1. Answer with yes or no whether S312 is within 19 Å of T157 (Cβ to Cβ), surrounded by fewer than 24 Cβ atoms within 10 Å (Cβ to Cβ) and not charged (D, E, K, R).
2. Would you point out which residue out of A405, A470, A400 is in contact (Cβ under 8 Å) with a residue 24 or more places away in the chain, out of contact with any Phe, Trp or Tyr (no Cβ under 7 Å at 6 or more places or on another chain) and surrounded by 23 or more Cβ atoms within 10 Å (Cβ to Cβ)?
3. Would you point out the residue of the stretch 228-245, among those that are more than 20 Å from S59 (Cα to Cα) and more than 21 Å from the chain's Cα centre (by Cα), that is farthest from ligand 4 (Cβ to nearest atom)?
4. Picking from V154, V174, V184, V217, which residue would you name as being buried (at least 18 other Cβ atoms within 10 Å of the Cβ) and part of a helix (DSSP H, G or I)?
5. Any residue in the stretch 318-344 that is under 22 Å from P289 (Cβ atoms) sitting within a Cβ distance under 6 Å of a residue that is within 15 Å of ligand 1 (Cβ to nearest atom) and not in a loop (DSSP other than H, G, I, E, B)? List the pairs, counting only those 6 or more apart or interchain.
6. Using the structure shown, decide if L169 is away from ligand 3 (no atom under 16 Å from the Cβ) and surrounded by fewer than 20 Cβ atoms within 10 Å (Cβ to Cβ).
7. Among what's in the stretch 351-367 and is over 14 Å from the mean Cα position of the chain (by Cα) and surrounded by fewer than 24 Cβ atoms within 10 Å (Cβ to Cβ), pick the residue that is farthest from ligand 2 (Cβ to nearest atom).
Amino acid sequence: MPEFDLAIRGGTVVTASDTVRADVGVRGGRIVAVAETIADAARVIDASGLLVLPGGIDSHVHIAQESGPGIVMADDFASATRAAAAGGNTCVMPFAVQPRGGSLRGAVDAYRARAEGQCHVDVAIHMIISDPTEAVLGQELPALVADGYTSFKVFMTYDDLVLNDRQLLDVFHVARRQGARVMVHAEGYDAIRYLSDRLERAGETAPYGHALSRPEVVEREAAHRAISHAELIDLPIVIVHVSGREATEQIAWAQARGLKIRAETCPQYLTLTAEDMKGLGPDDGSFDPMAGAKYVCSPPTRDVASQAAVWSGIRRGIFDVVSSDHCPFRYDDPQGKLNPRGRTSFRWIPNGIPGIETRLPVFFSEGVSTGRISLNQFAALTATNHAKLYGLYPRKGSIAPGFDADLTLWDPNRRETIRQANLHHGSDYTPWEGFSVTGWPVVTIAGGQVIAEDGRVLSEPGRGRVLDRAVDPAERRDA
Ligand code: URP
Ligand code: ZN
Ligand code: ZN
Ligand code: ZN
């Protein structure tokens, strides 16, 4: 019997800390050796000229999530994880949403049941807490954390999810005691409603109104408030999908004060702008204001100056993770972006854009290929730090003996143009249609198995598992 099930030969292994010419040996789904040469393997993959990266971990995706009356998310677990695999990812983290008035445990169990047997890549489930009752904070949440659901998101806006300041503080307190990781959607609910009402009264109902209803100050104020609450409770939080200069400045300020504030951004905030929501065609003079709905996400995309500020934050280490915030709706669909109410006002356009398959190529191209960040920063921001933040390290997120054999073989020189026709998600468009990239995932390996090769997904649904996690005991701190 050969010593290894699989050898990946001749590639350049990239981790958050090192870039080395090495072979990788895999046995039983795990990495067992990283060495100058690995002979004696049942299967050999030639990675000459390629980078061997930790498989992408996308710690912020929405899959088959309840999205309001008459609205249906465009991906189930099979299609979202198929797209993830094709895009070089080996683990994704979606959200089970507690309905108002409902049980958190019930939501998590039902969501997990939908995922089991459907996934191409491994999945770890975050929770969304929309109704922090005594029963939820006193019993359900501690029990769920103990059962391996160690992270959750809270919202400072959205009618059916928003928590007020007292609720945020109570939730933060319980998270501190349980050692759970809290993600915060920082946008101010009342300011958004005030601005939306005014825009509607002025007849500004087209998709671009979405950008006007959520200017940067709305995000900056909420980020500052979340940071202040986290300081009061002494809780490390993650401010997710940071969109621009103003919120980035708040986080930099908090970190400079020694507060444990972590941050996430997404490719859309680095490559798209609010102008996209105006529905202007590329260069052909076409104009369809409703086409702007394709780009409606929250927080909204900003401008070129804000993109530069977020890039600068990435380079300065203010951001820990780059996620997709994949939140797919179909565009030309009465249950999607162009639902009947959405046609009457931006307020009813479901928020979110698809990006699970394009995250890595867009970020690599704009980050590494342009020289803005190093290969090691890329590995940290797209895999290692996700695993560390959310309790998957040292099982996932790096390339060393003992880690799951989750790897992406990457061609740094390959040029491609992103086309909806080539993607695997359930949405009917991509915001990056026609976007040119340099750098492309050519083989995705999960648990030592090739699950995608050159845009073809080879795995069966059910290969990926739903992972349980454990909190770091040092993070459990009572007050
Ligand atoms: O617009 C977005 N991002 N929708 C997804 C939900 C969220 O807030 O992340
Ligand atoms: Zn959010
Ligand atoms: Zn999201
Ligand atoms: Zn306490």
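The numbers here are math on the coordinates, done by the rules we state, and not lab data. The structure displayed is predicted, hence computed values, not measured ones. Here the Cβ positions follow ideal geometry from the backbone for every residue, glycine too, while neighbour counts run over all protein chains shown.
1. On the way: within 19 Å of T157 (Cβ to Cβ): no; surrounded by fewer than 24 Cβ atoms within 10 Å (Cβ to Cβ): yes; not charged (D, E, K, R): yes.
When the stated conditions are applied, S312 does not pass them.
2. Details: A470 fails: surrounded by 23 or more Cβ atoms within 10 Å (Cβ to Cβ); A400 fails: surrounded by 23 or more Cβ atoms within 10 Å (Cβ to Cβ).
Only one candidate qualifies: A405.
3. Across the stretch 228-245, the extreme among qualifying residues is S228.
4. Values: V154 fails: part of a helix (DSSP H, G or I); V184 fails: part of a helix (DSSP H, G or I); V217 fails: buried (at least 18 other Cβ atoms within 10 Å of the Cβ).
On inspection, the qualifying residue turns out to be V174.
5. Hits for this filter: Y331/K294; K337/A293; R341/W348; G342/W348.
6. Details: away from ligand 3 (no atom under 16 Å from the Cβ): yes; surrounded by fewer than 20 Cβ atoms within 10 Å (Cβ to Cβ): yes.
Yes; evaluated as a whole, the condition is true for this residue.
7. In this case the residue turns out to be S365.
The rows are residues; the columns are (1) touching a Gly at 6+ places or on another chain (Cβ under 7 Å); (2) surrounded by 22 or more Cβ atoms within 10 Å (Cβ to Cβ); (3) outside any strand (DSSP E or B).
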{"residue": "E275", "(1), (2), (3)": "no, no, yes"}
{"residue": "A293", "(1), (2), (3)": "yes, yes, yes"}
{"residue": "P299", "(1), (2), (3)": "no, yes, yes"}
{"residue": "R302", "(1), (2), (3)": "yes, yes, yes"}
{"residue": "A305", "(1), (2), (3)": "no, no, yes"}
{"residue": "G317", "(1), (2), (3)": "no, no, yes"}
{"residue": "S324", "(1), (2), (3)": "yes, yes, yes"}
